[in-house]
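To keep things clear, I will list the structure first and then write my remarks on it.
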Amino acid sequence: MSSMFTCINIAYSRYFFPRQLLIRQFWTPRQQLEFLDAYDGIRRGWYLAVLRSLALAAAALPEPQPRQLLQQLCAQVQGGARPHLAQLLAVRGLFSGSLLALNRLQVDHVRALSQVLFLTPHLPAFFLLHRLRSHVLEIRHLDRALLLLGPGQLSEEELRAACYLRGLNSTHLGQAKCLAWLRLSWELQASEASLLAHSMVLLSLNYRRPPE
């Protein structure tokens, strides 16, 4: 079990500290918070582009009822609200076999999602899409490892790391809120990887950290 924890921690480190990995052990706790806040600010700069692309894709869906549900969800987020997990699960089917599946997204849409995940967008469309899908599925594999270990066996720091990887600036969250945040990822199937990627924006855009 300890070896599994080690593998999970190494995987998280690859995503969080791509340039500063070798000096992480020398940071003070305050520096770590500042670093994660700075990265969160960079990531947030692409949230609106993803949301606009998602709204355009939703408008092109052929079936009226699912289309309206997703358009309402996008409008809610654009209006400043944070959706409930149940609302995302209600439209999960749209992200597996329709225009919203990862392999059917427009190139600009894929590039914006790549920026949210700190992946370079400067690749040909095929490689860009392949790498985005691989990256999101790797997150899901990490989720399965966390679920296998049992959420109760994870430290607060490990839970925060898992949430941060999924788009939430969790440096100021407690254990209970982190567990609630991970529930969506544990519910989704591999075929619904597109929703996992978009949930990072839909659930995080209007999130505000509690006052210190």
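The values are calculated or read from the model by the stated rules, or taken from the named source; none is laboratory data. Nothing here was measured: the structure is a model prediction, and the numbers come from that model. Cβ atoms come from the backbone with ideal geometry, glycine included; neighbour counts cover every protein chain shown. In case anyone asks, the SASA skips ligands and DNA or RNA and just uses the protein heavy atoms, side chains included. Shrake-Rupley method; radii C 1.70, N 1.55, O 1.52, S 1.80 Å.
Side notes on the structure shown:
- Complete set of residues in region 120-133 that are closer than 20 Å to Gly45 by Cβ and in contact with a helix residue (DSSP H, G or I) (Cβ under 6 Å, 6 or more places away or on another chain): Pro121, Leu128, Leu132
- Near pairs, Cβ below 6 angstrom, 6+ apart or cross-chain, from region 96-122 (assigned to a loop (DSSP other than H, G, I, E, B)) to any residue that is hydroxyl-bearing (Ser, Thr, Tyr): Leu100/Ser194; Ala101/Ser194; Pro121/Ser114
- Checking each residue in region 184-193 for being in a helix (DSSP H, G or I) and either open to solvent by 10 Å² or more (accessible area, probe 1.4 Å) or closer than 17 Å to Leu48 by Cα (or both) picks out Trp186, Glu187, Ala190, Ser191, Glu192.
- Failed condition for His122, given (1) farther than 19 Å from Met200 by Cβ; (2) open to solvent by less than 60 Å² (accessible area, probe 1.4 Å): (2)
- Candidate set from region 18-38 (those that are of a type in the set (D, E, K, R) and either exposed (fewer than 11 other Cβ atoms within 10 Å of the Cβ) or in a loop (DSSP other than H, G, I, E, B) (or both)); member that is modelled with the highest pLDDT: Arg30
- Taking the criterion of being in a helix (DSSP H, G or I) and open to solvent by 60 Å² or more (accessible area, probe 1.4 Å), the residues of region 39-58 that qualify are Ile42, Arg44, Leu48, Arg52, Leu56.
- Among residues of region 131-183, those that are free of Cβ contacts under 8 Å to residues at least 40 places away in the same chain, buried (at least 16 other Cβ atoms within 10 Å of the Cβ) and in a loop (DSSP other than H, G, I, E, B), counted: 5
- Within region 61-80, the residues that satisfy the criterion of being farther than 22 Å from Ser185 by Cβ and modelled with pLDDT of 90 or more are Gln68, Gln71, Gln72, Ala75, Gln78, Gly79, Gly80.
- Qualifying residue in region 81-93 (condition: loosely packed, with under 14 Cβ neighbours inside 10 Å, at pLDDT 75 or above, hydrophobic (A, V, I, L, M, F, W, C) and part of a helix (DSSP H, G or I)): yes
- The residue list Val136, Val107, Val116 contains one member that is under 17 Å from Gly41 (Cα atoms), modelled with pLDDT of 85 or more and of a type outside the set (Ser, Thr, Tyr), which is Val116.
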